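The values are calculated or read from the model by the stated rules, or taken from the named source; none is laboratory data. Computed from a predicted structure; not experimentally measured. Glycine gets a Cβ as well: all are built from the backbone with ideal geometry, and neighbour counts include every protein chain shown.
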Amino acid sequence: MKVVLQDLTKRFASRQEKGKDVIAVNHFDFEIPDGQLVGLLGPSGCGKSTTLNLISGLETPSEGKIFFGDRDVTQLPPEERGVGLVFQNYALYPHLTVEENIIFPLQNLKGKQKMTKEAMREKALEVARLVQIDQLMERKPRELSGGQQQRVAIARALVKIPNVLLLDEPLSNLDARLRLQTREELRRIQRDTGVTTIFVTHDQEEAMSISDLIIVMKDGVVNQIGKPQEVYDDPVNLFVAQFLGTPAINVLEGEIRDGSLYIGQEAVLPMAGKAEGPVWVGIRPEGFVLDEKGPFTCEMDRVEVMGRDVSVVCRHAKMTGRNLRAIIPAESGVRPGQREVRFSLKPYKVFVFDRESEARR
Ligand code: ADP
Ligand code: MG
């Protein structure tokens, strides 16, 4: 079922400053398409959990509306919205078995929806199979690994066949390997069920790897919505460009003049038709080509071996923050003892941003 947020806003009284408001969700206006997995992505405190809580009904909006399909659910309590919720802390009932935990949401169904014990057990087994915990039905939560507990939580959220599945940083408590595995399973479960799913994370790689669509937020404001690759290849501003990608994009001071992009004294790329003046230049680490006659010169610090590729770590006077990083194929022939290294740049890996507004030029 599609979810539509219409001019949705949530203000909280500030915890720090009396009489001041925090705008956790600032005029959200977008549609989450039916049957898709959408990654809601942004740094800690940007309003991700608040957005989910508004959709689930745990919070009421200060302004705006929420629709599930064509139905306005803004005033409905959480239990009437048909949402499945999974949080970072799985919050299973410790004294109940896996089966009893999964059945739990079915027990308070009323009227026509009321189910027999047998039907509930059957339904529980069906979702347990889906998340591959059907062999563990008699266990108590403490007899399960973290990953297995999280799957029980997902099964419990799915058992009523929700209109929307909401996942708030569901993998954060898992160790690295289990995170990878569980995120792939989440993707599979979502495909198998076709349930519209909103997945909250601060981890850009996690969001990029499994989402049909990502929504990048900052300070309660949606900055960009799109397919992961599109957002990566075409960021609207410096924040989005910096938030996506590991290693992060390199940001340098630059200037557009005489139809070229200059970094320091070097004209590194032709750049006709753009307004002249100082800019921020973002260069993706994979945007460098080792080239003896290249226009962009750096002072080499070290070469880090990554296997197939190497990471060339350099210093550059115009670089902001940290060292510059170029990822090039290991066979490119960079010599670890080399002092100076020259590159040419792949134009589609270089973005320029306004110095003031930081919007893409
Ligand atoms: P995220 O999940 O992206 O880390 P949250 O949605 O939890 O962010 O919080 C967004 C902002 O709203 C933060 O500044 C947070 O401090 C504030 N906030 C969240 N809940 C409350 C609340 N109940 N009262 C006051 N401020 C809140
Ligand atoms: Mg949160």
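GLU304 meets the conditions (1) crowded, with 16+ Cβ neighbours inside 10 Å; (2) within 13 Å of PRO247 (Cβ to Cβ) in every case but one. The failed one is (1).
Filter the range 50-71 down to the residues that are closer than 20 Å to ASP21 by Cα and within 16 Å of ligand 2 (Cβ to nearest atom), then identify the one that is surrounded by the fewest Cβ atoms within 10 Å (Cβ to Cβ). So, considering only residues that are closer than 20 Å to ASP21 by Cα and within 16 Å of ligand 2 (Cβ to nearest atom), the one surrounded by the fewest Cβ atoms within 10 Å (Cβ to Cβ) is LEU58.
Among residues that are hydroxyl-bearing (Ser, Thr, Tyr), closer than 30 Å to ASN53 by Cα, touching a helix residue (DSSP H, G or I) at 6+ places or on another chain (Cβ under 6 Å) and not assigned by TED's automatic domain parsing to the domain that holds PHE343, THR197 is included. All conditions in (1) surrounded by fewer than 21 Cβ atoms within 10 Å (Cβ to Cβ); (2) away from ligand 2 (no atom under 16 Å from the Cβ); (3) within 11 Å of the chain's Cα centre (by Cα) hold for THR246, with the sole exception of (3). Taking (1) modelled with pLDDT of 95 or more; (2) not in a loop (DSSP other than H, G, I, E, B) in turn, GLU331 satisfies each apart from (1).
Comparison of VAL83, VAL25, VAL38 shows that the only residue that is in the same structural domain as LEU213 (by TED's automatic domain parsing) and in contact with an Asp or Glu (Cβ under 8 Å, 6 or more places away or on another chain) is VAL38.
Yes/no matrix, rows are residues, columns are (1) away from ligand 1 (no atom under 16 Å from the Cβ); (2) assigned by TED's automatic domain parsing to the domain that holds GLN36; (3) among the hydrophobic types (A, V, I, L, M, F, W, C); (4) modelled with pLDDT of 95 or more:
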position	(1), (2), (3), (4)
VAL159	yes, yes, yes, no
SER172	no, yes, no, no
LEU186	yes, yes, yes, no
LEU213	yes, yes, yes, yes
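If you check VAL240, VAL200, VAL195, VAL216 for being surrounded by 16 or more Cβ atoms within 10 Å (Cβ to Cβ), among the β-branched types (Val, Ile, Thr) and out of contact with any Gly (no Cβ under 9 Å at 6 or more places or on another chain), only one passes: VAL240.
Looking at ILE23, ILE66, ILE32 in this structure, which one is of a type outside the set (Gly, Ala, Ser) and within 12 Å of ligand 1 (Cβ to nearest atom)? So the residue among ILE23, ILE66, ILE32 that is of a type outside the set (Gly, Ala, Ser) and within 12 Å of ligand 1 (Cβ to nearest atom) is ILE23. The strands (runs of 3 or more DSSP E) found wholly in the range 7-102 and carrying at least 1 residues that are farther than 30 Å from GLU143 by Cα occupy 21-32, 37-41, 63-68.
For the range 338-357, give me the residue count where each residue is in contact with a Pro (Cβ under 7 Å, 6 or more places away or on another chain) and without any contact (Cβ under 8 Å) to a residue 12 or more places away in the chain. Result for the range 338-357: 0.
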